[in-house]
Amino acid sequence: MKHRMAIAVLSLLGFFLSAYLSMWKLGFVGPLVCGVGSCEIVQTSEYAYLLGIPVAFYGVAGYLAILVASLWGLQGRWIGERKPTHVIVFLAGAGVGFSIYLTFIEAFVLNAWCRWCVVSAIVITLILITGLAGYRESLSAHREIGE
Amino acid sequence: MARMKGFYMMLGVMAIVGGGVLAFMAMSGGSPLPSGPIDPAAIDAARSFGGYTIGNADAPVEIVEYADFECPACRETWALTMIDVKERLVRDGLVRLTFRDFPLQIHAHARAAHHAAACANEQGAFWAMHDKLFLEQRDWASASGSAEGKFRNYAEAIVGDIAAYDACMGEGRYRAQIQASFEGGVRLGVNATPSFVIGNRVYPPMSYDDMKAIVDSLAMEQGQ
């Protein structure tokens, strides 16, 4: 339960991060709070899109899905169930994979860093670690019940 | 149960604070210039715009400057280098000078300033507006709200038809063109302003003498 609470908080944070980056992409917020324009290089590059959709949008959708899954796992009979944890680990795993790809592009292709993208990569990694810890705990809990 | 209540309260506070911060950021632009998404198709279409050019079309050397009207370094380079470039190299037919928009996001009024210059260009007054914006940079860059009132004052003294200028600003006619210039610069590797593309290279700001030396050697290569 503690894990799911922590994940809910982290995913809400990640949601606002990617919402901010999406709004910047759409032109709704002005100055991106970043150093000498390297965020702009990242955000205006061709890699800021995947299948024609800004990558920040995937972040918004992904974090929102994880938030919903973690809140779902905190409701009544689902607290003891493992399914929400599976969903969280699956989503966070995909998110970490996507973040590794984006960070690789920043480091080796663009040679420019967007610090909010890096913070997002850290947040999604923390969510995956927390999710895996919850998964391990639920495994040992099941084993104890089994015995 | 009390623990869950505390948790939901914390999550609720986070949601309200986060949403509030984003809403504040979205609203604090304070610009009558239209905001919001620029149609990517319009940006593509504007790519053919090559910038604002003066000088002999047959000049042996072209200097393309990527600059931001709100950037102090651009103002300095304008005063120390570019006025001389225009008065000497361009006038002598040695250089064709092109100005391209590169408004940085870190500058709150830059996009509006570049847009004001684009609207002045409709009435043949780009370079007059360009000089005025750099000259008055310290005044308008420090404006706390929108600086567009100041731009309009400059325009009033420069353009003939202020109603046409207002209409141009009101509909944000050149937002896509400015974005296309910016993205074009990024593709060339421009990541700071001012940057100069001379020949096939991107240069940082420099003195008039250094720029003239580059121009002379390129002109010589071309047998001029």
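Results for (1) of a type in the set (Gly, Ala, Ser); (2) modelled with pLDDT of 90 or more, shown as yes or no for each residue.
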{"site": "B:Phe7", "(1), (2)": "no, no"}
{"site": "B:Val21", "(1), (2)": "no, no"}
{"site": "B:Ser28", "(1), (2)": "yes, no"}
{"site": "B:Leu94", "(1), (2)": "no, yes"}
So B:Thr98 ticks every box in (1) of a type in the set (Val, Ile, Thr); (2) part of a helix (DSSP H, G or I); (3) open to solvent by less than 30 Å² (accessible area, probe 1.4 Å) but one. Which box is left unticked?
(2)
Against the condition away from chain A (no Cβ under 14 Å) and of a type in the set (Gly, Ala, Ser), how does B:Ala155 come out, does it pass?
yes
From (1) open to solvent by less than 50 Å² (accessible area, probe 1.4 Å); (2) in a helix (DSSP H, G or I); (3) closer than 29 Å to B:Gly160 by Cβ; (4) at pLDDT below 90, pick out the condition that doesn't hold for B:Ala45.
(1)
Within segment B:196-210, restricting attention to residues that are open to solvent by 10 Å² or more (accessible area, probe 1.4 Å) and touching a residue at least 60 places away in the same chain (Cβ under 8 Å), which residue is farthest from the other protein chains (Cβ to nearest Cβ)?
B:Tyr208
Check on A:Leu102, over 16 Å from A:His3 (Cα atoms), crowded, with 19+ Cβ neighbours inside 10 Å, under 19 Å from the mean Cα position of the chain (by Cα) and not charged (D, E, K, R)
yes
Which pairs do you get when a residue that is closer than 19 Å to B:Met82 by Cα, found in segment B:93-114, comes within reach of a residue that is polar (S, T, N, Q), reach meaning Cβ atoms under 6 angstrom, with the pair 6+ apart or on two chains?
B:Gly93/B:Asn56; B:Thr98/B:Thr53; B:Arg100/B:Ser181; B:Asp101/B:Ser181; B:Phe102/B:Thr193
State whether the residues of segment A:77-84 include one that is of a type outside the set (A, V, I, L, M), assigned to a helix (DSSP H, G or I) and modelled with pLDDT under 80.
no
Being of a type outside the set (Gly, Ala, Ser), in contact with a strand residue (DSSP E or B) (Cβ under 8 Å, 6 or more places away or on another chain) and surrounded by 13 or more Cβ atoms within 10 Å (Cβ to Cβ) is the requirement here; does B:Ile158 meet it?
no
Residues (outside any loop (DSSP other than H, G, I, E, B) and either among the hydrophobic types (A, V, I, L, M, F, W, C) or surrounded by fewer than 21 Cβ atoms within 10 Å (Cβ to Cβ) (or both)) located in segment B:116-130:
B:Ala116, B:Ala117, B:Ala118, B:Cys119, B:Ala120, B:Asn121, B:Phe126, B:Trp127, B:Ala128, B:Met129
Restricting attention to segment B:165-190, which residues are of a type in the set (A, V, I, L, M, F, W, C), open to solvent by 30 Å² or more (accessible area, probe 1.4 Å) and more than 14 Å from chain A (Cβ to nearest Cβ)?
B:Ala167
Within segment A:93-120, track down each residue that is touching a helix residue (DSSP H, G or I) at 6+ places or on another chain (Cβ under 8 Å), without any contact (Cβ under 8 Å) to a residue 40 or more places away in the chain and over 17 Å from A:Leu50 (Cα atoms).
A:Gly93, A:Val118
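Taking segment B:211-224 only, how many residues are part of a loop (DSSP other than H, G, I, E, B) and exposed (fewer than 12 other Cβ atoms within 10 Å of the Cβ)? Steps first, please.
Step one: of segment B:211-224, the residues part of a loop (DSSP other than H, G, I, E, B) are B:222-224.
Subset that is exposed (fewer than 12 other Cβ atoms within 10 Å of the Cβ): B:222-223.
Final tally of qualifying residues: 2.
Looking at A:Leu74, A:Leu67, A:Leu12, A:Leu17, can you tell me which residue is part of a loop (DSSP other than H, G, I, E, B), open to solvent by less than 30 Å² (accessible area, probe 1.4 Å) and modelled with pLDDT of 85 or more?
Sole residue among the options that is part of a loop (DSSP other than H, G, I, E, B), open to solvent by less than 30 Å² (accessible area, probe 1.4 Å) and modelled with pLDDT of 85 or more: A:Leu74.
The values are calculated or read from the model by the stated rules, or taken from the named source; none is laboratory data. No experiment lies behind these values; they were computed from the predicted model shown. A quick note on method: Cβ atoms are made from the backbone with ideal geometry, for glycine too, and the neighbour counts reach across all protein chains shown. Only protein heavy atoms, including side chains, enter the accessible area calculation; ligands, DNA and RNA are left aside. Shrake-Rupley method; radii C 1.70, N 1.55, O 1.52, S 1.80 Å.
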